[in-house]
Amino acid sequence: MRKIMAILLSLALLLGCAAGLAEGTEKQTFGTIRVHGAFTLKGILPEGYKVVPFELSDDAILSFIRSDDAAKPEMMLSIAYDESYSDVERMNDLDDEALAALEKTFTDTDPYANITYDETAYGTRLLVSRTQTEIYDSLDILSIYKGYFVEFVMTPGKGAAEQKLTDGEVAQCNLFLSELDFVEGAEVPEVRIEGQTFTVEVSAFDAEAKTLDLRLLQPIRLTEWDAVKINVGDTITIGADEIGIVSLEYDGDDAIINEEYYLRRQEDGLYNAYDYEYPYMETAKEMTVAVPDTLVYTEQIDPETGEILDEAKTGTAADLFAALEAAKGTVAFANLDVTATFDEDGALAAVERIYVPWQ
């Protein structure tokens, strides 16, 4: 694993913190960027904090880092690619005029901003903007790496008795930043199946060997969509489809595109895409699984008519293979009408064929 860059690794020198992180703490994935090289961003959260993603796209990561304790400071991490800086390896490459232009982006919006510069132990230049007034205190650190703007902001918690950043709170920046990594390559998240139920497609089966070839499906997550930014005339990618936006309506945090694609905001700030009631799906994992004799097979559909049964039938693994054999050459078991449930050890425990209106 490669460290994010010298800028972030040695911010301890800038922030003056000697505290360490717990040895062996597992790093959390914050997102992947795929412009000018693919990197997956990983790090360790300060104790008591959680990441609240705001924007995750191919060229930007914007996340708030917050504690349930409103008295603790709030932080924001932003990494965004700017094509006009694509030839800038790091901030050291900028001349005085270019640096002055960056400074102006701070002072134009905050006349109280005090701009200073520092260098890491590796010689990487940092632009440090600190605003300290009687009623407001903030720290903003900016640098550039391979065309990416890397920015970290800290402000006092809304519930803090005094709206000031203490040395200890500023030191908390280092606990996060000193262990922040850029992992080269786009990481594919591991799909956890233990104790989970998935919509599946059965692509093949072997009754003699008692195995199923499954394609596990999950709702399409829209990490490139920001409700504030899309407009009629734009395009949006949903799965493998490029959708031209002809009409756009809003319902709170949700949006309806072309009276067909419903984009619904989830708790993590990202969006799932629905065809009104039913989610658009994509492949989460493909796998061959053993079918135990203890498997419970539930059939909600009359196999001859495709209509929903008045009362679901419960059968065995043998009944499942018989139904698969009878359905050969049809869209049954590959029509978003099957769910598979795995036990806590990841073994297949149940298969259910459910009714969907497009049977």
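The values are calculated or read from the model by the stated rules, or taken from the named source; none is laboratory data. Bear in mind the structure is a predicted one, so any value in this text is a computation, not a measurement. Heads up, the Cβs are rebuilt from the backbone with ideal geometry, glycines too, and the neighbour counts pull from every protein chain shown.
Of all residues in the range 65-84, exactly one satisfies the criterion of being among the acidic types (Asp, Glu) and part of a helix (DSSP H, G or I), namely Glu83. Screening the range 214-235 for residues that are modelled with pLDDT under 80, surrounded by fewer than 16 Cβ atoms within 10 Å (Cβ to Cβ) and hydrophobic (A, V, I, L, M, F, W, C) and picking the one that is farthest from Arg192 (Cα to Cα) gives Val228. The number of residues in the range 305-335 that are in contact with a strand residue (DSSP E or B) (Cβ under 6 Å, 6 or more places away or on another chain) and surrounded by 17 or more Cβ atoms within 10 Å (Cβ to Cβ) comes to 4. Can you confirm whether the range 85-96 contains a residue that is farther than 27 Å from Gln132 by Cβ, of a type in the set (Gly, Ala, Ser), in the same structural domain as Tyr148 (by TED's automatic domain parsing) and part of a loop (DSSP other than H, G, I, E, B)? Scanning the range 85-96, I find at least one residue that is farther than 27 Å from Gln132 by Cβ, of a type in the set (Gly, Ala, Ser), in the same structural domain as Tyr148 (by TED's automatic domain parsing) and part of a loop (DSSP other than H, G, I, E, B), so the answer is yes. Within the range 72-99, the residues that satisfy the criterion of being over 27 Å from the mean Cα position of the chain (by Cα) and surrounded by fewer than 12 Cβ atoms within 10 Å (Cβ to Cβ) are Asp87, Asp95, Asp96, Glu97.
Looking only at the range 305-359, residues that are without any contact (Cβ under 8 Å) to a residue 12 or more places away in the chain and assigned to a loop (DSSP other than H, G, I, E, B) come to 6 in all. With respect to the stated conditions, Glu352 fails to be acidic (Asp, Glu) and either at pLDDT below 90 or surrounded by fewer than 16 Cβ atoms within 10 Å (Cβ to Cβ) (or both).
Restricting attention to the range 275-285, does a residue exist that is crowded, with 18+ Cβ neighbours inside 10 Å and either charged (D, E, K, R) or not in a strand (DSSP E or B) (or both)? No, the range 275-285 contains no residue that is crowded, with 18+ Cβ neighbours inside 10 Å and either charged (D, E, K, R) or not in a strand (DSSP E or B) (or both). Among the residues of the range 232-274, those identified as part of a loop (DSSP other than H, G, I, E, B) and not acidic (Asp, Glu) are Val232, Gly233, Gly239, Ala240, Ile245, Val246, Ser247, Gly252, Asn258, Gln266, Gly269, Leu270.
Here Ala312 fulfils each of the conditions (1) touching a Ser or Thr at 6+ places or on another chain (Cβ under 8 Å); (2) among the hydrophobic types (A, V, I, L, M, F, W, C); (3) outside the structural domain of Thr341 (by TED's automatic domain parsing) apart from (3). Looking at Asp293, Asp302, can you tell me which residue is surrounded by fewer than 18 Cβ atoms within 10 Å (Cβ to Cβ), more than 22 Å from Ala349 (Cβ to Cβ) and in the same structural domain as Gly315 (by TED's automatic domain parsing)? Selected residue: Asp302, the only one of Asp293, Asp302 that is surrounded by fewer than 18 Cβ atoms within 10 Å (Cβ to Cβ), more than 22 Å from Ala349 (Cβ to Cβ) and in the same structural domain as Gly315 (by TED's automatic domain parsing). For the range 184-201, filtered to residues that are touching a Ser or Thr at 6+ places or on another chain (Cβ under 8 Å) and among the small types (Gly, Ala, Ser), the residue that is modelled with the lowest pLDDT is Ala186.
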